[in-house]
Amino acid sequence: MRYLNALALLLVIVGGVNWLLVGIAKFDLVAAITGNSFGQTSLISSAVYVLVGVAAVWLVPALARAAAGRDMAA
């Protein structure tokens, strides 16, 4: 479970950095990595976006535990 939480956190960080780059520089890192231009999607980039979203949903209970004062690594 700890490894899944770490992987989910990594994916959420990647998503956050991507949105930071979109907001500041109009640069979509996921699109660039998958060979698309800004705003274009492919099967691979869509899969990355879905994984980032699933990771965010996965971390919701961890956030609830942290808000309740329990450890997030559990």
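The values are calculated or read from the model by the stated rules, or taken from the named source; none is laboratory data. The model shown is predicted, which means the values in this text are computed figures rather than measured ones. Glycine also receives a Cβ, built like all others from the backbone with ideal geometry; neighbour counts cover every protein chain displayed. For accessibility, only protein heavy atoms count, side chains too; no ligands or nucleic acids. Shrake-Rupley method; radii C 1.70, N 1.55, O 1.52, S 1.80 Å.
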Subset of segment 1-22, residues open to solvent by less than 90 Å² (accessible area, probe 1.4 Å) and more than 20 Å from Ala62 (Cβ to Cβ), comes to Asn18, Leu21, Val22
Counting only residues that are exposed (fewer than 13 other Cβ atoms within 10 Å of the Cβ) and of a type in the set (Lys, Arg), which one in segment 23-74 is farthest from Leu9 (Cα to Cα)? Lys26
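One line per residue, one yes/no per condition, for (1) in contact with an Asp or Glu (Cβ under 7 Å, 6 or more places away or on another chain); (2) charged (D, E, K, R); (3) at pLDDT below 90:
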site	(1), (2), (3)
Leu10	no, no, no
Asp28	no, yes, no
Gln40	no, no, yes
Ala56	no, no, no
